[in-house]
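Heads up: the structure comes next, in structure tokens.
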Amino acid sequence: MARDRTARVRKQAPGNGVRRAAETAPRAGGQAEASGLPRRRGPVVALSVLAGALIAALWSFRFVDGVIGDNVANTLLGYDAKHTQIGGLIAGTVFAFVSGLAGTFTACNIAVFGAIAPMTDASGTRPSGDAGAARPVRIGETLRPIGRLAIGMVAVSGVYGAVGAVLGERLPQLSTATAASGLSPRLAQASITFGVIGLAFVYLGLAALRLAPDPLARLSRRFPDARLVVIGALIGGFLVGRPFPLFRKLFEYAAQTHNPFYGAAVFVLQSLGNITLMALLFVVLTRAAGGRFTRWMTAGPARVTTITAVAFIVVGAFTFLYWDVRLPARFGYGWFPTAPWE
């Protein structure tokens, strides 16, 4: 009886419970990872912003727009895309997709690659069995995120194409006016548009890290694919401010037709061309090597969150700094470092 009382006293001793709680409680970093967050969110944000600023400083629009964009379009079309007149509706339709593809790596489109991480999370793998092994991603699961992204993108680009065909030169994007400062109306529209889109991407990155309220949380609970549709809409918004010369040429031709249906069609094709390489890269990454990339991305609860946040913040910071700090600096408004080749 004495031994039983002694055992009960030891079992109820507060020190034993504290020690057991300390032994079983996860570490702070473990709690962060278990909640789907990286251990140190501050450095993640700071390094992502610095990466975006570095890309904005080193970016060469002459090389990307001229050497890459023009050469790709000239090769695929078989003629000088910039200086040859578009020869009819069918030729304009082909020109729309090719010019979109040629503009994949321009400063007004590079942010599309930030969608790969959330698309991978949406296509994800599913646990199988007690071991929790992930099965390979099926082709339908690979194509579904691309389709959801395209829905938002097509909606915005199609509507803007229709409006642009009707309004024509009344839009700043097609204005031929020149300002004394050199900052033309089309560049001013580009600065405003991409500044807003860049800040939106940064905010989505902060929301992914739970450093800001998630504006899509309630909508995503009801419609799981809503987030990809919104990202697609942001990508479709690239056309609203795009000053890429080949796009401007297409826009001018569509406006001359005064046909809103044709304007919508060629703008949709332009947008699809913008994401073609990204979509192919996504398919290769998720389908190659038996889905290892997808399993690696979703292996830890914090990994996909971190990569998604980094992608959004990097492309958002780059987009904002390039169009709202570096571009005005070229015309004497403020200062921003640029590479020697610029």
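Every read-out reported here was derived from the displayed coordinates using simple, explicitly stated rules and does not represent laboratory data. What you see is a predicted model, and the numbers here were worked out from it, not measured in a lab.
For segment 326-334, backbone phi angles converted through the Karplus equation (6.51, -1.76, 1.60; θ = phi - 60°) give residue-by-residue couplings of 5, 4, x, 5, 5, 10, x, 9, x Hz, Gly and Pro being listed as x.
Within segment 140-270, the proportion of C-alpha pairs whose separation exceeds 28 Å stands at 27%.
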